[in-house]
1. Restricting attention to the range 1-44, which residues are of a type in the set (Lys, Arg), surrounded by 10 or more Cβ atoms within 10 Å (Cβ to Cβ) and modelled with pLDDT under 85?
2. Does Gln80 satisfy the criteria of being modelled with pLDDT under 85 and out of contact with any Phe, Trp or Tyr (no Cβ under 6 Å at 6 or more places or on another chain)?
Amino acid sequence: MDAVSYLKFILALVVVLGMILAVTWVLKRLGVGQQQLGALGRKRRLRTVEAASIDGRHRLVLIRRDAVEHLVLLGPASSQVIETGIPAAADEPPGETAPAFSFKSLLAAARPAAAPSVPPKDPAP
């Protein structure tokens, strides 16, 4: 095969991949594939809000059921409910995210309030 054949192959591959990406983007914008309804057309009551890996074998999972959230620790052989009855936060519109965690906000919250400054008393004559 000569260089022209390789160039045509690469160009065709790029065009096909671009078309696939364009179709998936259009379908995502139209909302195709988002399953909001469960079996028999009912609204889904259970969903995973967030999951965090603790180590290679354990995960913390925040699960929302109706308007209540539950924090569950999942391991390879067991699971344990850490906290239950957490009131669910209002749903955020898509595209907006909660403010990111920052050490500055943590330090500001942990810092004790400054004592009010009291001017020194003048010595009596």
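The values are calculated or read from the model by the stated rules, or taken from the named source; none is laboratory data. Because the structure is a prediction, the values reported are computed rather than measured. Ideal geometry is used to build each Cβ from the backbone, glycine not excepted, and the neighbour counts take in all protein chains shown.
1. Lys28, Arg44
2. It is false that Gln80 is modelled with pLDDT under 85 and out of contact with any Phe, Trp or Tyr (no Cβ under 6 Å at 6 or more places or on another chain).
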